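The values are calculated or read from the model by the stated rules, or taken from the named source; none is laboratory data. Computed from a predicted structure; not experimentally measured. As a convention, Cβ positions derive from the backbone with ideal geometry for all residues, glycine included, and neighbour counts pool all protein chains shown.
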Protein chains: 2
Amino acid sequence: MSIDVLQERIRKLKSPIMVGLDPYLPILPRHIVRDAFDEYGQTLRGAAEAYYRFCTELLDRLSPIVPAVKLQSACFEALGADGINQMQRISKYAKELGYYVLMDSMRGDVGSVAEIYAQAVFGSVSVGETAYQLYDCDGLTVNGYLGSDGIKPFLPYCKHDGKNVFILLKTSNKSSREVQDLLSGDRVVYTAMADLAMRWGSDLFGKNGYSEIGAVVGATFPQTMKLLREKYDRLFFVVPGYGAQGGTAKNVQFAFDRFGHGAIVSASRSIICAWQKDGGDGENYLDCAEEAALKMKADIGKYVVIL
Amino acid sequence: MSIDVLQERIRKLKSPIMVGLDPYLPILPRHIVRDAFDEYGQTLRGAAEAYYRFCTELLDRLSPIVPAVKLQSACFEALGADGINQMQRISKYAKELGYYVLMDSMRGDVGSVAEIYAQAVFGSVSVGETAYQLYDCDGLTVNGYLGSDGIKPFLPYCKHDGKNVFILLKTSNKSSREVQDLLSGDRVVYTAMADLAMRWGSDLFGKNGYSEIGAVVGATFPQTMKLLREKYDRLFFVVPGYGAQGGTAKNVQFAFDRFGHGAIVSASRSIICAWQKDGGDGENYLDCAEEAALKMKADIGKYVVIL
């Protein structure tokens, strides 16, 4: 895909929503865990199979409403090889349903390591004469603390293969100010990072005007968001922190341009764990997730009209 | 382990060297790849088995000289589940040989995700009534761009289980200045990060005076290293960038305190790929790696005496 395709999918569904899949056994409905344990035992395989069912059932249900999905790689890595296996399967499944797939690994490596990682995430891994496509993601979150050296290996994929990198600017957590808000001359660290993101994407603008190199900007700091949107009008924003972390529809409106473009709001627990508010044991988790996604769409729709 | 145990191992071997294992098919000796492909085919499994043999043979050979090892997780993730499987096996193998094992994943997540990841890397993952120990590392590199929220989940393991976190301060790559050297008041971003590292480890000092929360400081900026060593005399430094990246023994001397303590120098390609300089096809890669490690030890020994 590319930033144009992502924007087009958002426009088509009139829904600037990205669902974050960060599975963890305690948040899974009981029947899913029970069935997986019955079949595979109380094993890492069993847990990973439960993740797969949970995530793919959610993907099936939400595909008419939600254009993009975010896979939290740490959650899958926490189950070792079984988790990684299922993350790959879930990524492929999401792609087949038409989702834009963002892998949220928030890493920052340099040089040869970043090259190896970029190839695995966006391209294919060569073993002898065979090329294996492993993760097949459309986008990746990257920590830019290491500077250009950490980003350059990803740029060819953004230029030629319609892939996107989203640089962490201002994250949604409270302590993000400790480093990201440090004042440096007439900038703060997160605007310095935004300047770099603009530079990295300076020859990678899509036809909608946005760069293939986007940014992550938390929903929890609306004034910062407003400032960033005004100044960096060609950076597409992924906006985490909606819902469980306290970001509201009123807050996230500032992430969008006057056409309602240029941003997608990510929510995870407020949708995938919506069943927990219901008091039951999660038999109805798909209904709860769908209802939460529709409510989120409607809430944002009060403030943002997508032309 | 803990920062005391790491220091003690370095002192015992009189060798402040950490070998970085970042395998990649093109850098493996031909006979290892050939044997693995013969047995497992040109598959991801085959590649991962080749990594395992390469890394464990190196670990066997180097254990009398080298006290610590760094596993570059991105390289293993690039082979998917097979890579992760072997990374776990290699980590366990290294621990059995007495190595201090640092997992180099350079991530920065927050909240529940960081908790899940910390548990998997340092603790054990619970599936039903079974606890699985997956990665079993002693230390982890962490990107502190997200501030305290990203570090706090790791601290209990540092306090109670002798684990260490190493915060990226100033990395060895050239473009590290773009973000890390930004001036903010009387600090730069990397000293602000060092102040945070000190705060995070303020109740976690080992008996040698160093904090369980250490730092990553590249070998390629000797003046910066000197300044950091003087100002942050309780932060243990992992020093990458020696050898292939251009850091010299003369440079890295500034990482150590007057007892020759407080730092370990990491080298990867200059040791594990030493055979490539030989012009052969790598049959003798263990001899080359051993020779390179001994030379590195001797070189650093010219400038640093470990008391």
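So is B:THR220 at pLDDT below 95, of a type outside the set (Lys, Arg) and closer than 30 Å to B:LEU307 by Cβ or not? Can you show your working first?
Values: at pLDDT below 95: yes; of a type outside the set (Lys, Arg): yes; closer than 30 Å to B:LEU307 by Cβ: yes.
Criteria met by B:THR220.
Hey, among the residues in segment B:178-230 that are among the hydrophobic types (A, V, I, L, M, F, W, C) and more than 14 Å from chain A (Cβ to nearest Cβ), which one's nearest to A:SER148 (Cα to Cα)?
B:MET225
Residue by residue through segment B:90-149, note down the ones that are crowded, with 19+ Cβ neighbours inside 10 Å, more than 7 Å from every other protein chain (Cβ to nearest Cβ), among the aliphatic types (A, V, I, L, M) and farther than 21 Å from B:TYR52 by Cα.
Once the filter is applied, which keeps residues that are crowded, with 19+ Cβ neighbours inside 10 Å, more than 7 Å from every other protein chain (Cβ to nearest Cβ), among the aliphatic types (A, V, I, L, M) and farther than 21 Å from B:TYR52 by Cα, segment B:90-149 yields B:ALA114, B:ALA118, B:VAL142.
For segment A:84-116, which positions are modelled with pLDDT under 95, touching a strand residue (DSSP E or B) at 6+ places or on another chain (Cβ under 7 Å) and of a type outside the set (Asp, Glu)?
Hits for segment A:84-116 are A:SER105, A:MET106, A:ARG107, A:GLY108, A:VAL113.
Got a sec? Which of B:VAL125, B:VAL188, B:VAL121 is free of Cβ contacts under 8 Å to residues at least 24 places away in the same chain, touching a strand residue (DSSP E or B) at 6+ places or on another chain (Cβ under 9 Å) and within 20 Å of B:ALA74 (Cβ to Cβ)?
The match here is B:VAL121.
Looking at B:LEU79, is it of a type in the set (A, V, I, L, M, F, W, C), in contact (Cβ under 8 Å) with a residue 24 or more places away in the chain and facing chain A (nearest Cβ under 7 Å)?
yes
Within the bounds of segment A:139-161, is there any residue that is among the basic types (Lys, Arg) and farther than 26 Å from B:THR43 by Cβ? If you could, list the steps in order and put the result at the bottom.
Step one: list which residues in segment A:139-161 are among the basic types (Lys, Arg), which gives A:152, A:159.
Checking the rest, the ones that are also farther than 26 Å from B:THR43 by Cβ come to A:152, A:159.
Looking for residues that are among the basic types (Lys, Arg) and farther than 26 Å from B:THR43 by Cβ, one finds at least one in segment A:139-161, hence yes.
For segment A:150-175, give me each residue that is within 7 Å of chain B (Cβ to nearest Cβ) and either basic (Lys, Arg) or within 18 Å of the chain's Cα centre (by Cα) (or both).
A:LEU168, A:THR171, A:ASN173, A:LYS174
When you scan segment A:43-53, do you find a residue that is closer than 22 Å to A:LEU286 by Cα and away from chain B (no Cβ under 14 Å), even just one?
Within segment A:43-53, one or more residues are closer than 22 Å to A:LEU286 by Cα and away from chain B (no Cβ under 14 Å).
Restricting attention to segment B:188-210, report how many residues are surrounded by fewer than 24 Cβ atoms within 10 Å (Cβ to Cβ) and under 19 Å from the mean Cα position of the chain (by Cα).
Within segment B:188-210, residues that are surrounded by fewer than 24 Cβ atoms within 10 Å (Cβ to Cβ) and under 19 Å from the mean Cα position of the chain (by Cα) number 1.
When you scan segment B:102-146, how many residues do you find that are assigned to a strand (DSSP E or B), more than 29 Å from A:VAL216 (Cα to Cα) and of a type in the set (S, T, N, Q)?
Pass one, segment B:102-146, residues assigned to a strand (DSSP E or B): B:102-107, B:125-127, B:130-132, B:139-142.
Restricting the remaining residues to those that are more than 29 Å from A:VAL216 (Cα to Cα) gives B:125-127, B:130-132.
From what's left, of a type in the set (S, T, N, Q): B:126, B:130.
Final tally of qualifying residues: 2.
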